[in-house]
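The structure appears right after this line, and notes come after that.
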Amino acid sequence: MSITTTDTQTIANEPITLDEAKTQLHVTHNLDDDAITRMIFMAREEAELRTSRTFRLTVSRVRTYTGWPKCMLFDHPPLIGVDAVKYFDTDDAEQTLASTSYVLRTPTEGRGDLQWSTAPGTTLPLAYDRPDSVSVEYRTGYTTADAVPEVAKGSILMLVNALYDQSEIQESAAYRSTAYRILDMTDWGNYE
């Protein structure tokens, strides 16, 4: 199994804006805009790695399998939806599986799973023997910036502050430590 994430990293799909970060940092000039934008990316990535969640707006992902798995679990919640289940048939031609052949479950904790339909007459087609014979295209994250939990945004802003204010090592470490504590203590199941 392998996972490929395809998304464009722009400030437009970040959960916080450049203006929000500059307000947090008390920066009123434009000289550091490029650096602060990079720090927003870095801080959000750090928060995502810490929580194994997606805080961006709509990230497209593709997960591939060698053959049909018994069930598909989706990482990096929250799961927005599944766009397609594709496979290579016995002639090695790519096909799209009908959505009636599977059931998508998105439980409250956001880590959804896809199960094969047990309806009478429903069977999975034979797949060609290749490492990427079955693939699932799905989306994680949030559909709007307003939907991203404030606790996540606040933690990301603290991490931006830690990255920006490197001159004060103790203060920078305090921002990072506080952000980590908040991210670690949050019950993310309440934010789906």
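A Cβ distance below 9 Å, combined with a sequence gap of six or more or placement on separate chains, defines the contacts here; from the range 112-126, residues that are in contact (Cβ under 8 Å) with a residue 40 or more places away in the chain and closer than 14 Å to Ala98 by Cα reach residues that are assigned to a strand (DSSP E or B) and basic (Lys, Arg) in the pairs Leu114/Arg105; Gln115/Arg105.
Anything in the range 158-192 that is modelled with pLDDT under 80 and of a type in the set (Asp, Glu)? List them, or say none. Passing the criteria: Glu168, Glu192. When you look at Thr54, is it part of a loop (DSSP other than H, G, I, E, B) and either under 15 Å from the mean Cα position of the chain (by Cα) or surrounded by 17 or more Cβ atoms within 10 Å (Cβ to Cβ) (or both), yes or no? Yes; evaluated as a whole, the condition is true for this residue. Any residue that is without any contact (Cβ under 8 Å) to a residue 40 or more places away in the chain, over 16 Å from Pro15 (Cα atoms) and out of contact with any Gly (no Cβ under 8 Å at 6 or more places or on another chain) - is there at least one of those in the range 76-88? Among the residues of the range 76-88, not one is without any contact (Cβ under 8 Å) to a residue 40 or more places away in the chain, over 16 Å from Pro15 (Cα atoms) and out of contact with any Gly (no Cβ under 8 Å at 6 or more places or on another chain), which makes the answer no.
Number of residues in the range 176-192 that are buried (at least 21 other Cβ atoms within 10 Å of the Cβ) and more than 30 Å from Arg105 (Cβ to Cβ) equals 1.
With respect to the conditions (1) crowded, with 17+ Cβ neighbours inside 10 Å; (2) without any contact (Cβ under 8 Å) to a residue 12 or more places away in the chain, Arg38 falls short on a single one, namely (1).
The residue of the range 123-161 that is nearest to Asp19 (Cα to Cα), among those that are among the aromatic types (Phe, Trp, Tyr) and within 16 Å of the chain's Cα centre (by Cα), is Tyr142.
Of the strands (runs of 3 or more DSSP E) contained entirely in the range 78-173, those carrying at least 2 residues that are buried (at least 19 other Cβ atoms within 10 Å of the Cβ) and touching a strand residue (DSSP E or B) at 6+ places or on another chain (Cβ under 6 Å) fall at 79-88, 134-140.
The values are calculated or read from the model by the stated rules, or taken from the named source; none is laboratory data. Remember, it's a predicted structure, so these values are computed and weren't measured experimentally. Note: ideal-geometry Cβ built from the backbone for every residue, glycine included; neighbour counts use all protein chains shown.
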